[in-house]
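Remarks on the structure that follows.
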Amino acid sequence: RARYEVVRELGAEEVRWFYREERKSWKPFIGYDSLRLERAFRALAPAAPPVEPVCVRSGLYEVDVASGECYPVYWNQSEKIPVMRGQWFIDGTWQPLEEEESNLIEQEHLNRFKGQQLQESFDMEVSKPVDGKEAIHSLKLSRNHVDWHSVDEVYLYSDATTSKIARTVTQKLGFSKASSSGTRLHRGYVEEATLEDKPPQTSHIVFVVHGIGQKMDQGRIIKNTAMMRDTARKIEEKYFSNLATHVEFLPVEWRSKLTLDGDTVDSITPDKVRGLRDMLNSSAMDIMYYTSPLYRDELVKGLQQELNRLYSLFCSRNPEFEEKGGKVSIVSHSLGCVITYDIMTGWNPVRLYEQLLQKEEEELEDRWMSYEEQRLLEELYITKQRLREIEERLHALKASTVSKTPVLKFKVENFFCMGSPLAVFLALRGIRPGNSGSQDHILPKTICNRLLNIFHPTDPVAYRLEPLILKHYSNISPVQIHWYNTANPLPYEHMKPSFLNPTKEPTSVTDSESASTIPSPTTSPVLVRRHYGESITNIGKASILGAASIGKGLGGMLFSRFGRSSAANAPEAGKDGAEGDDRKATTVGTPPFPHSSSGFLDPTVELEHRIDFELREGLVESRYWSAVTSHTAYWSSLDIALFLLTFMYKHDQEDPDKASLDTI
């Protein structure tokens, strides 16, 4: 404030607006938001047209200033977020006084002191003690009263009985009334609001997709995304503060809108241990739904529509996003990874069925047939050919009249999988390692520029993807994700592959040994250097592979990998069973992959980009406990936040025109 200023009405820049979430303390809006809220508030009048809602908090929320409520733009939320207009503030904390009291104090202050001169600004900062000063003005409120000892020295006192006793005692002992029990108040916020105090422009949006269990706790993905957004903000401030853009995280809640079977599953659920059964129905049942041909399309369509709805809504509210080449990434968790992958690639189980029929036809042609059987088969073949021709003509006719819309309205820059069972789904669909180190083997770059698979070493639901591209990567350790506070870490692209078991050269393994000792490309490798708790390994003997291959769905996934034991300790019968399962999986129209003499494909071939990234284990955490908790521990990890932002800001960092960053 200018020196010797007179008391006048508060300017819009001196008022500060606040919001409160989950009954915590009031948080101030940034200057840009607060100033626009105050201007909207001042435009309110009985006869005036209704004021448009004000966009706040980087455009994620809107505020209705008339009702004093804040609500999210991109998702639904049952809990209301109250907002408050702050005029008078508590000394030290700068928390606002409740609006009703604040209005009364402000009105009284203007009535009594308007036009009077304030003290010199220096004197206000180092205010003189008010000991012995009598109040020159007082205002009684419902439970408190306010004393003005001067124009700038205003104190709030509680009128509760205990406070009166305390006040009497302290005054008799010679302490001043003001300093002993009063709370000093300040008029106007500590910092003036300016339009320059605005959030950076969003250059990258991240859709956060949940996995199973959302029916059980519908607001969970919103809270998880908020945790991820908050940790990312901290990392942005620490490492990327000199970039003029930022990454925005949006939750994709696809489950709650789906009806699926209605209440049929609930009606056939027995009453005993009902709580546990309901929990499983609300969580693991999603895996069963996804393996059901009846409901799979509904799950896929639910996620696809929600992704497109959010993108269209974001672009309509941020028209410059597409113009300036804004990018989109997806972070998926658990089963959400599989559904997102299937949407991007257009995979459908009908393809597998067609492959199977084709194989049966080929087998029929090879065996001896009677004349009548041969004649009928030829007739069937001609009919099928005719049917295909009609279908093709019909599709061509439709294509000429209706332009085919893409499945997703945006190109995916990065696809981050967290705690993902995608690898085991792909293995059961017949995908086997090749001899090229390209990501295109499982996800073409034309669909998604970069695939990254993040997992905690003890997450029982997570599987590796790299051994599905090159088999010898089953004996190469995943890349270790840097701790966020590591000084000058080596960039990920410069980290060299390291063997899980350096003492055993992979080339020394023979064909016969490889069948029993080298892990299947669908599973994590045999780890000699670590043991994740062998005593609980036996819980998961009916593994995800077995459960899925006999058509029971993937319900066993949650319990299948609570531990990993050395293949050498497994009984011989178990080996045969695993090999049998593997053989079953390869029959789906996919020829078995060629082996080199070592049991691996060419070990000299390296991956174009690393895909599997592993969180570092805590030094003191229990592996038994972390096996239970690790599947949901990704959201608040600062290590993961830094990892995600490192890849999303990659091009900005490499741009020579940008200011140089510390090496991430």
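The values are calculated or read from the model by the stated rules, or taken from the named source; none is laboratory data. Computed from a predicted model, the values in this text were never measured in an experiment. Counting neighbours? That spans all protein chains shown, and the Cβs are built from the backbone with ideal geometry, glycine included. For the accessible areas, the whole protein counts, side chains as well, though only heavy atoms, and no ligand, DNA or RNA atoms are used. Shrake-Rupley method; radii C 1.70, N 1.55, O 1.52, S 1.80 Å.
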Checklist outcome for this item: Log entry, pairs with first residue in region 33-56 being in contact (Cβ under 8 Å) with a residue 12 or more places away in the chain and over 26 Å from Pro200 (Cα atoms), second being open to solvent by 50 Å² or more (accessible area, probe 1.4 Å) and not β-branched (Val, Ile, Thr), beta carbons closer than 8 Å, six or more apart or on different chains, reads Leu44/Ala66; Pro50/Ala66
Item to check | Those helices (runs of 4 or more DSSP H) lying entirely in region 222-317 with at least 2 residues at pLDDT 80 or above, farther than 22 Å from Tyr341 by Cα and touching a helix residue (DSSP H, G or I) at 6+ places or on another chain (Cβ under 8 Å) | outcome: 296-317
Next on the checklist: Condition first: surrounded by 16 or more Cβ atoms within 10 Å (Cβ to Cβ) and either part of a loop (DSSP other than H, G, I, E, B) or not charged (D, E, K, R) (or both). Now tell me which residues in region 96-116 satisfy that.
Outcome noted: Pro96, Leu97, Ser102, Leu104, Ile105, His109, Phe113
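Okay, residues lined up against (1) more than 23 Å from the chain's Cα centre (by Cα); (2) assigned by the TED database to the domain that holds Ser329; (3) modelled with pLDDT of 90 or more:
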position: Ile390; (1), (2), (3): yes, no, yes
position: Leu394; (1), (2), (3): yes, no, no
position: Ala399; (1), (2), (3): yes, no, no
position: Thr405; (1), (2), (3): yes, no, no
position: Cys417; (1), (2), (3): no, yes, yes
position: Phe425; (1), (2), (3): no, yes, yes
position: Asp440; (1), (2), (3): yes, yes, yes
position: Thr446; (1), (2), (3): yes, yes, yes
Item to check | Any chance Asn435 is outside any helix (DSSP H, G or I) and either modelled with pLDDT under 90 or open to solvent by 90 Å² or more (accessible area, probe 1.4 Å) (or both) | outcome: yes
